[in-house]
Amino acid sequence: MSKPQLGRFVRPVIKRAINPFTLATAARLQWQRQPSKNRLDDAQLELYSKVLPGEFLHYGYFDDVDRQPGDISLNEIVEAQKRYTELLVNLANPDKSRPVLDVGCGVGGMIRLLHDRGFSPVALSPARGQVAHVESKFPGTPTVCSKFEDLEIEAHRQKYATVFTSESLQYLRLPRALPVMREILMPGGTWAACDFFNRTPGHPSRRLPAWPDFCQLMKEQGWTITYQQDITSNIIPTLRYIYMWATRLGPPVIQYMQLKLQRKHPGLHHLLAGVGPVIDQTVDENLQNICPTHFRENKQYMLFTLQRA
């Protein structure tokens, strides 16, 4: 970017930054911003729906747990995600006379598979973008734009043969969610779930307790775990794949951008010198979150079903 081009970029920014009305509007917009925590906004939804043709937003399931990241293709990731969803749907209650509920429907991958299997799915998400996406992809599929804990009990009482929580259980507030789950499942209905937990008891993973604590809580709340499978090893190939590309591309690209800025705009680089360590620390923290070794040591990924005792 030449100096005249840089000036054309910087001048309007400075002009708006010193305008009190603009600053007041920016402050108001930031204050009124709806928190995006625990939901997928429209920009992310658009990105995922284009990058992941399988329409799934989870780690997937590899039968070959030793599959190396350099040998994995994007198509294999998509197939692993489909395999994961098939395993979860296989755990559904066989009664197809009642609808099933997909809690946290994402971009609709499970909805498609449920339709293909002859089920009558209902899609639930607190994100309007997700609900609108499912409605456009699967016309006629009932949708609910709500947090699971805020479902109107009377409208859903004993309605569902199966309730699925595919990596959405971690977002539920269990003290409020468990009574809702109990009321909306039909007698003998199935709660099918797949999610990750901390291995160490007493240290919550997001809102979930560790797996032993969760099992104890379910027992105390009158639930019976009717099936369980530890699939940690089966999701590790996906993490290896993501971690490989993140470590290969992330730090080198950031370093390249910093060097480019230093050479082209040394003054601006000097002003932003304090930002570099913060960026590096943030990158390191995010890389640790997807590090396969760190995940295996600290997390336990479980596929399971529950029924009321």
Next on the checklist: Pairs please, first residue from the range 283-309 and within 25 Å of LEU249 (Cα to Cα), second anywhere and among the basic types (Lys, Arg) and at pLDDT 90 or above, Cβ atoms under 6 Å, 6+ apart in sequence or on different chains.
Outcome noted: PRO292/ARG240
Next on the checklist: Filter the range 166-180 down to the residues that are surrounded by 14 or more Cβ atoms within 10 Å (Cβ to Cβ), farther than 16 Å from CYS215 by Cα and modelled with pLDDT of 95 or more and list them by number.
Outcome noted: VAL180
Checklist entry - Out of all the residues in the range 128-149, which are more than 11 Å from VAL107 (Cα to Cα) and among the small types (Gly, Ala, Ser)? => result GLY140, SER146
Next on the checklist: Filter the range 117-134 down to the residues that are out of contact with any Gly (no Cβ under 8 Å at 6 or more places or on another chain), at pLDDT 95 or above and not aromatic (Phe, Trp, Tyr) and list them by number.
Outcome noted: ARG117, GLY118, SER120, PRO121, VAL122
Item to check | Qualifying residue in the range 107-115 (condition: buried (at least 21 other Cβ atoms within 10 Å of the Cβ), in contact with a helix residue (DSSP H, G or I) (Cβ under 8 Å, 6 or more places away or on another chain) and at positive phi) | outcome: yes
Next on the checklist: Take residues that are over 28 Å from PRO237 (Cβ atoms) and in contact with a Phe, Trp or Tyr (Cβ under 8 Å, 6 or more places away or on another chain) and tell me which of the helices (runs of 4 or more DSSP H) falling wholly in the range 70-183 contain 3 or more.
Outcome noted: none
Checklist entry - Which one of these is modelled with pLDDT of 90 or more, over 30 Å from ARG173 (Cβ atoms) and not acidic (Asp, Glu): ARG248, ARG240? => result ARG240
Checklist entry - Just one of THR200, THR165 is among the polar types (S, T, N, Q), over 18 Å from the mean Cα position of the chain (by Cα) and either within 30 Å of GLU297 (Cα to Cα) or not assigned by TED's automatic domain parsing to the domain that holds LEU87 (or both); which is it? => result THR200
Item to check | Test: MET186 is hydrophobic (A, V, I, L, M, F, W, C), modelled with pLDDT of 95 or more, in the same structural domain as SER120 (by TED's automatic domain parsing) and touching a helix residue (DSSP H, G or I) at 6+ places or on another chain (Cβ under 9 Å) | outcome: no
Next on the checklist: What's the number of the only condition in (1) modelled with pLDDT under 70; (2) over 25 Å from CYS105 (Cβ atoms); (3) buried (at least 17 other Cβ atoms within 10 Å of the Cβ) that SER205 fails to meet?
Outcome noted: (2)
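The values are calculated or read from the model by the stated rules, or taken from the named source; none is laboratory data. Note that the structure is predicted; figures quoted are calculated from it, not measured. Neighbour counts are summed over all protein chains in view; Cβ atoms, including those assigned to glycine, are modelled from backbone coordinates with ideal geometry.
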